[in-house]
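Reading through the structure tokens given below for one structure.
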There are 6 protein chains.
Amino acid sequence: MNKTVCVRQIERTPLDLIEKLKAFGVATIHEAQGRCGLLAAYMRPIYAGALAAGNAVTVSLPPGDNFMIHVAVEVCKAGDILVVTPTSPCTNGYFGDLLATSLKSRGVRGLVIEAGCRDISSLPEMEFPVWSRAVSAQGTVKESLGSVNVPVVCADALIRPGDVIVADDDGVVVVKREDAAAVVEASAARVKKESASRERLAKGELGLDIYAMREKLAALGLKYI
Amino acid sequence: MNKTVCVRQIERTPLDLIEKLKAFGVATIHEAQGRCGLLAAYMRPIYAGALAAGNAVTVSLPPGDNFMIHVAVEVCKAGDILVVTPTSPCTNGYFGDLLATSLKSRGVRGLVIEAGCRDISSLPEMEFPVWSRAVSAQGTVKESLGSVNVPVVCADALIRPGDVIVADDDGVVVVKREDAAAVVEASAARVKKESASRERLAKGELGLDIYAMREKLAALGLKYI
Amino acid sequence: MNKTVCVRQIERTPLDLIEKLKAFGVATIHEAQGRCGLLAAYMRPIYAGALAAGNAVTVSLPPGDNFMIHVAVEVCKAGDILVVTPTSPCTNGYFGDLLATSLKSRGVRGLVIEAGCRDISSLPEMEFPVWSRAVSAQGTVKESLGSVNVPVVCADALIRPGDVIVADDDGVVVVKREDAAAVVEASAARVKKESASRERLAKGELGLDIYAMREKLAALGLKYI
Amino acid sequence: MNKTVCVRQIERTPLDLIEKLKAFGVATIHEAQGRCGLLAAYMRPIYAGALAAGNAVTVSLPPGDNFMIHVAVEVCKAGDILVVTPTSPCTNGYFGDLLATSLKSRGVRGLVIEAGCRDISSLPEMEFPVWSRAVSAQGTVKESLGSVNVPVVCADALIRPGDVIVADDDGVVVVKREDAAAVVEASAARVKKESASRERLAKGELGLDIYAMREKLAALGLKYI
Amino acid sequence: MNKTVCVRQIERTPLDLIEKLKAFGVATIHEAQGRCGLLAAYMRPIYAGALAAGNAVTVSLPPGDNFMIHVAVEVCKAGDILVVTPTSPCTNGYFGDLLATSLKSRGVRGLVIEAGCRDISSLPEMEFPVWSRAVSAQGTVKESLGSVNVPVVCADALIRPGDVIVADDDGVVVVKREDAAAVVEASAARVKKESASRERLAKGELGLDIYAMREKLAALGLKYI
Amino acid sequence: MNKTVCVRQIERTPLDLIEKLKAFGVATIHEAQGRCGLLAAYMRPIYAGALAAGNAVTVSLPPGDNFMIHVAVEVCKAGDILVVTPTSPCTNGYFGDLLATSLKSRGVRGLVIEAGCRDISSLPEMEFPVWSRAVSAQGTVKESLGSVNVPVVCADALIRPGDVIVADDDGVVVVKREDAAAVVEASAARVKKESASRERLAKGELGLDIYAMREKLAALGLKYI
């Protein structure tokens, strides 16, 4: 049964692990952890080149009502990323430069919101990155409760407080807190392998040969004409 | 880290509880459990009047590949509902009358799939209800693995194996296994209260009076002209 | 500047004119009044064969909040159709069988809502037709004000209180109160003309000849091969 | 270079072949011809149970202008299905009961239109089936040319005049004229094979065994828990 | 009843008021005037940093036909913004660099169009900003009439000739001509209040305290854990 | 009947013709060739200012499976543009910097894909332009066949191997190989005519006069008020 709560203390992922994940980027992490944790492709950065990684502080709230974001600010710490999801689809601008100012003063690194964002001229100047579903100047009320720091489904992904969020131009991915160290290792391995491939591909070698695909193609019966 | 598995044994919700939930319908259950667990509104029944409730057997699989549905059939039992979700958006027809025949022979009560379904003329005749995102004759391959009976995000809702699925013309709702008994009670209470209201409303009494809303309206400052 | 108000008294269109409009249907009326007043094509009836016409009582309200529908019920009269539009896109189920019971007891003939509706199994039994953008069991709160009986934009059309709403399987059209009589006449003329064409077309005569299109085709330079 | 033309004479597929294809239905045909030719899933019948097959007469026309449909009527013959596609996305109601009356008088069996349709209450009574992208009472003008009986792309599929269209509750598929006989054979083979499977599945045998999938699952490394 | 007209003379809002509104931006104006007048969020600038404010000259026209834009140019004056809306959804590119050249020569400041725009490489160089629903090279015909300087519904908002349009990266808002002076005042008050809040938030004070929200949270029953 | 093949040798359009087409841009070419060949407006460049023209090498492949792109690389030559289309709608990221490295080493000029793309931070640095339907880090498998260098329908347009693709900020257009020379001429004529108009428009002359539209307006019955 659903209850509205605000959980003050959550277990976070160590920031040094988060820095390492950030360096790999969304596409590599997603592959390295077995192709899971990616948020839906409609979650886009409000400016090109945006990049952020941090601990998820999660917010579930009603359509058109941002009361719980104000509640969440108080429990955020340096290195966090706020993750906001409404209980039904909504494109209202829940978030603008005032909330960004407040979060920035607490060391929060960015926002992921399955709804709208506004003041998108000011936010790049403030270097406060946002990934959102929409841009909209339509504001919200502050009337109804939701929850802070409970597991949420945001843009098709399950996100728990303290999980790692990495976001860049390719989108947003969540890494489970308990997997963070293993995903760093798997990502490093993947990057190493890809670098080797990249060099060979740059010289004109074919993926068909590098990845030894020709036999499988023949077995599947591809006809060359 | 994601691994492909098929979990054979899951804990299920007792079928008598499920029958009670079925009688309340999706809208009542959703309200009674605190407005959570509803699947996205794009999940629609393929025929009007469809109604089903059962234990979730969950399937996560790749876009355009229904291999894992065949794997899932084996672990289904009487009273189950199959819940299928692809790892990225896909409208292919993963499911048709052959799979329905197979599931029906095992006592499965329906399908909830965040993708496409086909043979929608035959399925109503077979009385095998389906809630899907799309209707499409486009088939699938059987090449890649996924998982059966792991927690999945389906149409914005987290569904775990053995949770209760209730689906009708209004959509689909999931009730956590551990909440099922409490939600039956809360739903019964809600129905009772609504019946009383319905009688008064039918006689022409106003909701403004029955629910005592006039004071709040005045406090909020509504002007009548 | 926007203010929240409830206008109790509105000028309505005489019901005998409304009955005449209802008989013509949406497509004819839309053409007859010069191709205006049609609501967006995503407004669909929740059951086939639904048909209604009445005086618009309008409601503007926030996303996810149906408080103002309860306010509107009180000012509805027999022969009205409730027209509801949120201030930003929302698919929540603002409306179900309790509100339908209440409206029906006052003689209201239907609902047009640019949002979601629920209890769609009960509403056809009650013969209370609804045209909506979505079906959703997701409920709403009752916290914030909006307005009743002010001009609203609903599904791309401007609707003023007391304008005529006609809705059928083809969609929803609004006729300005001051135009109602003229539109009845124009619709009748159109029906008469179409009946004559229909007879000729049924006998195999071509539209190219009946509507004398061949000359224009030649002038535009169509080549037959 | 594009030119506006109306091709009067096209080569058609024999009607007895078309009748055979109709009996198999869309899903079977699509599989039997190697999973090609399916129109996009947003093409839906305006009433459940609609079923049609015939020779394609194709129309390419501008958004909001149905002049060329009137031109096309004249070149239609008994057993044809009209296929209409605008040059840019449009939901206007290009087609209603008058055009249906005209087509029916010539023996045309149905309409496939990547746009809107209106008068959807009358069309089922007339038993004139339509598959469309939208329902809309919004009419069209008759001002600009397009082409009749040229190859068109309709809802993601290439359709040439005289190709076979089969349409049912699952959607719409096109079969190339030169493939029609071969697709009849391949469909018959598929139906036979599926009937055998259906019987075995109905008795409770598993697809995993009937289709011999267990070895592949093991090779791919699926873990049962 | 709809008639096609071109209104030459309209009452405009004084340009000094418009300059003041422009300085506040869309988000502030929308809030200041009571959260109304915002166009739908799908209206986006074709380049980042676009900014414009002016008197609305309105155009209603058919899908795929830009004849009336040419008519509208003649009635535009310096300081105007052209507002164009088709009578049914259309993404065609109604507008490109030739029309922009013509409008610019008359002192028109920008375009708001609920359809497509093309030549989007040239327009930023010309510093002619456009807010549109789509980018498309698909052109239009010049065959059918519509109206200029009548009230239109554009992207969910009612816009009358001579109303003020303000558009920036956050979207587009309309201010009624008669409200312009009052909205300037209300916006200034809002900016002043927000500046004070911004300073306090930047220092780390919480919105919960600045806006005195804690009592309401307690009254609503939020539980901290 | 559909068969999976890879066609090694295709007839290409001479590169000097392609360079000439590139200079005209998408909007001009589309108009000059009679308003055909434009891909759907949802095909957008991943970075502003992207521009490419080349010979189409086409790929048809399953949703979520990029095996055939690897096959296609081998048959690409300098001056080609890869055109990729899945057999059902899919937003997966089929393509990233490794494949771009490989294609670039062979002189391929860009990618047009009716699906997703990833690594969109690296691709602009590499100056490898991509037009896609989506951005997504979600990868693909390499399990199933499709075809290379067969005619495909991509984003509503028919594209044959060796046809010319031109893509810029306005979108993507295809020119038939046999039409390339004629389209160069028609485009040049159009540009010349438009230059003349542009000069006159820049001086303040009206399109109504330059294009002699006033008579037609009067004939159609436009009323000036």
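The values are calculated or read from the model by the stated rules, or taken from the named source; none is laboratory data. Computed from a predicted model, the values in this text were never measured in an experiment. A quick note on method: Cβ atoms are made from the backbone with ideal geometry, for glycine too, and the neighbour counts reach across all protein chains shown. Heads up: the accessible areas ignore ligands, DNA and RNA and are worked out on the full protein's heavy atoms, side chains in. Shrake-Rupley method; radii C 1.70, N 1.55, O 1.52, S 1.80 Å.
Look through region D:72-114, keep the residues that are under 15 Å from residue C:206 (Cα atoms), among the charged types (D, E, K, R) and within 11 Å of another protein chain (Cβ to nearest Cβ), and return whichever of them is least open to solvent (accessible area, probe 1.4 Å).
D:97
Tell me which of these residue B:65 doesn't satisfy, since it passes every other one: (1) under 24 Å from residue B:21 (Cα atoms); (2) within 14 Å of chain F (Cβ to nearest Cβ); (3) of a type in the set (D, E, K, R).
For residue B:65, the failing item is (1).
Going through region E:7-27 one residue at a time, which ones are within 14 Å of chain C (Cβ to nearest Cβ) and open to solvent by 70 Å² or more (accessible area, probe 1.4 Å)?
none
Yes or no: region C:153-161 includes at least one residue that is free of Cβ contacts under 8 Å to residues at least 24 places away in the same chain, in contact with a strand residue (DSSP E or B) (Cβ under 9 Å, 6 or more places away or on another chain) and surrounded by fewer than 18 Cβ atoms within 10 Å (Cβ to Cβ).
Scanning region C:153-161, I find at least one residue that is free of Cβ contacts under 8 Å to residues at least 24 places away in the same chain, in contact with a strand residue (DSSP E or B) (Cβ under 9 Å, 6 or more places away or on another chain) and surrounded by fewer than 18 Cβ atoms within 10 Å (Cβ to Cβ), so the answer is yes.
If you check residue A:174 against the conditions, is it in a strand (DSSP E or B) and either surrounded by 23 or more Cβ atoms within 10 Å (Cβ to Cβ) or without any contact (Cβ under 8 Å) to a residue 60 or more places away in the chain (or both)?
For residue A:174, the condition - in a strand (DSSP E or B) and either surrounded by 23 or more Cβ atoms within 10 Å (Cβ to Cβ) or without any contact (Cβ under 8 Å) to a residue 60 or more places away in the chain (or both) - is met.
So which of E:182, E:196 ends up being farther than 26 Å from residue E:82 by Cα and in a helix (DSSP H, G or I)?
E:196
Tell me yes or no: at least one residue of region D:44-59 is farther than 30 Å from residue D:9 by Cβ, in contact (Cβ under 8 Å) with a residue 24 or more places away in the chain, open to solvent by 10 Å² or more (accessible area, probe 1.4 Å) and of a type in the set (A, V, I, L, M, F, W, C).
yes
Does residue D:125 count as within 21 Å of residue D:73 (Cβ to Cβ) and at pLDDT below 95?
Judged against the criteria, residue D:125 is a match.
Tell me which residues, restricted to region B:184-203, are within 18 Å of the chain's Cα centre (by Cα) and either within 14 Å of chain C (Cβ to nearest Cβ) or open to solvent by 50 Å² or more (accessible area, probe 1.4 Å) (or both).
Within region B:184-203, B:187 is the sole residue that qualifies.
Filtering region F:204-217 down to residues that are open to solvent by 70 Å² or more (accessible area, probe 1.4 Å) and assigned to a helix (DSSP H, G or I), which residue is farthest from the other protein chains (Cβ to nearest Cβ)?
Only one residue tops the list, namely F:215.
For residue B:148, indicate whether it is open to solvent by less than 30 Å² (accessible area, probe 1.4 Å), within 16 Å of the chain's Cα centre (by Cα) and either at the interface with another protein chain (Cβ under 7 Å from one of its Cβ atoms) or not aromatic (Phe, Trp, Tyr) (or both).
no
Among what's in region A:120-144 and is open to solvent by 30 Å² or more (accessible area, probe 1.4 Å) and assigned to a loop (DSSP other than H, G, I, E, B), pick the residue that is farthest from residue A:1 (Cα to Cα).
A:121
Can you tell me which residue in region D:28-43 is most open to solvent (accessible area, probe 1.4 Å), limited to those that are more than 14 Å from residue F:1 (Cα to Cα) and in contact with a strand residue (DSSP E or B) (Cβ under 7 Å, 6 or more places away or on another chain)?
D:42
Could you list, in sequence order, all residues of region B:178-193 that are over 21 Å from residue B:160 (Cα atoms) and either without any contact (Cβ under 8 Å) to a residue 40 or more places away in the chain or aromatic (Phe, Trp, Tyr) (or both)?
B:185, B:192, B:193
Going through D:4, D:58 one at a time, which residue ends up being within 14 Å of chain F (Cβ to nearest Cβ) and more than 18 Å from the chain's Cα centre (by Cα)?
D:4
Taking region A:177-209 on its own, how many of its residues are small (Gly, Ala, Ser) and in contact with a Phe, Trp or Tyr (Cβ under 7 Å, 6 or more places away or on another chain)?
Selection size over region A:177-209: 1.
Would you check if there is a residue in region A:61-71 being open to solvent by less than 10 Å² (accessible area, probe 1.4 Å) and β-branched (Val, Ile, Thr)?
Scanning region A:61-71, I find at least one residue that is open to solvent by less than 10 Å² (accessible area, probe 1.4 Å) and β-branched (Val, Ile, Thr), so the answer is yes.
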